[in-house]
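Enquirer: First, the structure itself, so that you have it in front of you.
The values are calculated or read from the model by the stated rules, or taken from the named source; none is laboratory data. The structure displayed is predicted, hence computed values, not measured ones. Neighbour counts run over all protein chains shown; Cβ positions are idealised from the backbone, glycine included.
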Amino acid sequence: MKNLLNSSMLQTDGRTRSSAEEALSGKSTKGIFKRLIPFLGPAFIASIAYVDPGNFATNIQGGSAFGYTLLWVILVSNLMAMILQTLSAKLGIATGKNLAEHCRNNFSKPTVYGMWVLMEIVAMATDLAEFLGAAIGFNLLFGFPLIIGGILTAICTFLILGLERYGFRPLEIAITIMLTVIASSYLIETILDKPEFKSLLYHSFVPQFSGTESIILAAGILGATVMPHAIFLHSALMQQRITVKNPKKLLKLFHYEILDVTIAMGIASLVNMAMLIMAASTFYQRGFTHIATIEEAHITLQPLLGKAASWIFAISLLASGLSSSTVGTSAGQVMMQGFLHRHIPVWLRRLITIIPSITVIALSFDPTRTLVISQVVLSFGLPFAIIPLIIFTREKKLMGILVNKKITTFIVSVIAVLIIFLNIYLIYQVLFVG
């Protein structure tokens, strides 16, 4: 039975590659949407990092404290992330190798080992946030203690990761379904909220602050949006998914991937905006301006919008935690294999990375505060993902026809400096100002 399942799933991947080859060669007679389908998936997996439980905490705080004022920050930060994820995908397409492998091939051994250690810490911090978010989701939905929610999260992510043995398509579909659940949940929440659309549109495109505290929170939203593990992962998702050598086909494949990134990251951006809109319309408008934790948001939603709203919120949090925890584990596997050329079974990596999460839950640390601290740890890894990405994608010899244009390198360098600066500022605020 197992062999039959493996054969079936491999055939599914084969059909995806065959359809992609037809579209790239110009032989396909299908409509534009059907031609696009084989190329959709990698960016949806990477985009899960941008709607993880850490985003719930930050966006809810921003919306409840300042209304719609910081909507433009979410839009700008997601546009920056979109550009970086596109470059990561391009690296995998052009070279057939992922970002971690390029680091191993081009940097000294001490540098590579140092980067690997740092990225393992980042992977654990990532997993801590996602794991904790899913555990809170189980707690809010079913009343389970956090420790039971943590054990259920581990079991669920084991099952989801098990889909990888059947090829890339089943995992892509599973993650996309969970992203759809999150997006649908917040679409329903937005309808229930009845936001002021005129004010919403204004604050989405007009930069504005409301005092020093809003600037600090904006720095937190913008600085913690781009995730280092998502950058490493995206290049790996593209490196062997659909392989072509012909320069024209490479360019065409990259254009399809731009659409994949635009759609997936666009959905992630809308979800993040919907989180803030929900908090602004529900809490800020009613004078609840100090909602600081996910649990408070869930409890307060029920009397304000009804029981269904609080359930929808909890379902979206659970889907976010499970999907992002799965993606985080895959990213950790990619980074270890790329930096060290070593591979451990995915179940063993999952087991190792849940130890800090279970420990935090068992010691009864404040969940929301722990989420914030985990985002700070992630910030330390950002320069080690963004800077190498820029270095490699600007090399003509390496990238060929897909090499960055000078204007692209300039724009991405400015984005990198801004993000790194804001992350340093965020770290300072959290660790020294509080």
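Enquirer: Which one of these is under 30 Å from Arg165 (Cβ atoms), assigned by TED's automatic domain parsing to the domain that holds Gln239 and not hydrophobic (A, V, I, L, M, F, W, C): Ser379, Ser330?
Expert: Exactly one of Ser379, Ser330 is under 30 Å from Arg165 (Cβ atoms), assigned by TED's automatic domain parsing to the domain that holds Gln239 and not hydrophobic (A, V, I, L, M, F, W, C), namely Ser330.
Enquirer: Quick check on the stretch 168-181. Is at least one of its residues of a type outside the set (A, V, I, L, M, F, W, C) and over 17 Å from the mean Cα position of the chain (by Cα)?
Expert: Looking through the stretch 168-181, at least one residue is of a type outside the set (A, V, I, L, M, F, W, C) and over 17 Å from the mean Cα position of the chain (by Cα).
Enquirer: If you don't mind, another one. So, Ala183, is that one closer than 20 Å to Ser310 by Cβ and either assigned by TED's automatic domain parsing to the domain that holds Trp72 or not basic (Lys, Arg) (or both) or not?
Expert: yes
The rows are residues; the columns are (1) buried (at least 24 other Cβ atoms within 10 Å of the Cβ); (2) among the aromatic types (Phe, Trp, Tyr); (3) not assigned by TED's automatic domain parsing to the domain that holds Val334.
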residue	(1), (2), (3)
Arg15	no, no, yes
Glu22	no, no, yes
Gly26	no, no, yes
Lys30	no, no, yes
Phe33	no, yes, yes
Ala46	yes, no, no
Tyr50	yes, yes, no
Asn55	yes, no, no
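Enquirer: While we're looking at this one, here's another question. Consider only pairs whose beta carbons are under 9 Å apart and that are at least six residues apart or on different chains; among these, list those whose first residue lies in the stretch 345-361 and is modelled with pLDDT under 75 and whose second residue is in a loop (DSSP other than H, G, I, E, B) and hydrophobic (A, V, I, L, M, F, W, C).
Expert: As it stands, the answer is none, since no pair meets every condition given.
Enquirer: Separate question: Of everything in the stretch 123-144, what is within 24 Å of Ala309 (Cβ to Cβ) and either in contact with a strand residue (DSSP E or B) (Cβ under 7 Å, 6 or more places away or on another chain) or of a type outside the set (A, V, I, L, M) (or both)? Give them in sequence order.
Expert: Glu130, Gly133, Gly137, Phe138, Asn139, Phe142, Gly143, Phe144
Enquirer: For the stretch 139-167, name all the residues that are of a type in the set (Ser, Thr, Tyr) and within 21 Å of the chain's Cα centre (by Cα).
Expert: Matches in the stretch 139-167: Thr153, Thr157.
Conditions tested, residue by residue: (1) in contact (Cβ under 8 Å) with a residue 24 or more places away in the chain; (2) surrounded by fewer than 22 Cβ atoms within 10 Å (Cβ to Cβ); (3) of a type in the set (Gly, Ala, Ser).
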{"residue": "Ile191", "(1), (2), (3)": "no, yes, no"}
{"residue": "Glu196", "(1), (2), (3)": "yes, yes, no"}
{"residue": "Gly211", "(1), (2), (3)": "no, yes, yes"}
{"residue": "Ile215", "(1), (2), (3)": "no, yes, no"}
{"residue": "Ile231", "(1), (2), (3)": "yes, no, no"}
{"residue": "Val261", "(1), (2), (3)": "yes, no, no"}
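Enquirer: Taking the criterion of being over 25 Å from Leu171 (Cα atoms), buried (at least 18 other Cβ atoms within 10 Å of the Cβ) and in contact with a Phe, Trp or Tyr (Cβ under 7 Å, 6 or more places away or on another chain), would at least one residue in the stretch 219-227 satisfy it?
Expert: Checked against the condition, which is being over 25 Å from Leu171 (Cα atoms), buried (at least 18 other Cβ atoms within 10 Å of the Cβ) and in contact with a Phe, Trp or Tyr (Cβ under 7 Å, 6 or more places away or on another chain), the stretch 219-227 yields at least one hit.
Enquirer: Also, I was wondering about something else. Restricting to the stretch 181-215, give me the number of residues that are in a helix (DSSP H, G or I) and either among the hydroxyl-bearing types (Ser, Thr, Tyr) or within 12 Å of Phe66 (Cα to Cα) (or both).
Expert: Qualifying residue count for the region: 12.
Enquirer: Shifting gears a bit: Could you grab me the full set of residues in the stretch 307-363 that are more than 30 Å from Asp193 (Cβ to Cβ) and among the hydroxyl-bearing types (Ser, Thr, Tyr)?
Expert: Listed by number, the residues that qualify are Thr329, Ser330, Thr353, Ser357, Thr359.
Enquirer: Suppose the filter is over 19 Å from the mean Cα position of the chain (by Cα), in contact (Cβ under 8 Å) with a residue 12 or more places away in the chain, outside any helix (DSSP H, G or I) and assigned by TED's automatic domain parsing to the domain that holds Phe421; does Val244 pass it?
Expert: Judged against the criteria, Val244 is a match.
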